[in-house]
Amino acid sequence: MERNFNKNELYPDCPIRNILNRISDKWTLLVLYTLNGRDSMRFKDLSAELPDISQKMLVLTLRTLETDGFVRRKVYAEVPPRVEYSLTERSHSLFPVINQLIQWAKDHMEEILLDRTISLNKTSAR
């Protein structure tokens, strides 16, 4: 399984479409958030922190983040090999935005869930 590295076909030069395409999948923000505040983490530790992600998906997400310069992968020449992941400056510069998004979600989640319930009830009443 390989992530799509193509730019948005309709708007190939639109920065927001391309960045949102990359960071808005199910796992990217969770992986970045898990790495945040730590010097580095080993794969097994990341996997333990995100128990609902498959090993294959975690590998794929980390590779994509590394390719885009959000995550640094460091391999130590040991037996068995040790690999650690850490955030880059690019990732750190994204965290004020991520933190604002988290706060916005906390501030509005209750009313959004209420609106969903109301909408669902209207739809089922038809």
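General remarks:
For (1) modelled with pLDDT of 95 or more; (2) in a loop (DSSP other than H, G, I, E, B); (3) on the phi < 0 side of the Ramachandran plot, each residue gets a yes or a no:
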{"position": "R3", "(1), (2), (3)": "no, yes, yes"}
{"position": "L29", "(1), (2), (3)": "no, no, yes"}
{"position": "L46", "(1), (2), (3)": "yes, no, yes"}
{"position": "R63", "(1), (2), (3)": "yes, no, yes"}
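- Of the residues contained in the range 88-101, none is found to be in contact (Cβ under 8 Å) with a residue 24 or more places away in the chain and not in a helix (DSSP H, G or I).
- Every condition in (1) modelled with pLDDT under 95; (2) within 20 Å of N36 (Cβ to Cβ) is met by R82 except one, and the failing one is (2).
- Residue match in the range 32-47 (condition: within 16 Å of the chain's Cα centre (by Cα), farther than 27 Å from I16 by Cα, open to solvent by less than 80 Å² (accessible area, probe 1.4 Å) and of a type in the set (F, W, Y)): yes
- Qualifying residue in the range 10-19 (condition: outside any helix (DSSP H, G or I), modelled with pLDDT of 95 or more, among the acidic types (D, E) and over 23 Å from L101 (Cα atoms)): no
The values are calculated or read from the model by the stated rules, or taken from the named source; none is laboratory data. The structure presented is a predicted model; accordingly, all values stated were derived computationally and were not measured. Cβ: placed from backbone, ideal geometry, glycine included. Neighbour counts: every protein chain shown. Only protein heavy atoms, including side chains, enter the accessible area calculation; ligands, DNA and RNA are left aside. Shrake-Rupley method; radii C 1.70, N 1.55, O 1.52, S 1.80 Å.
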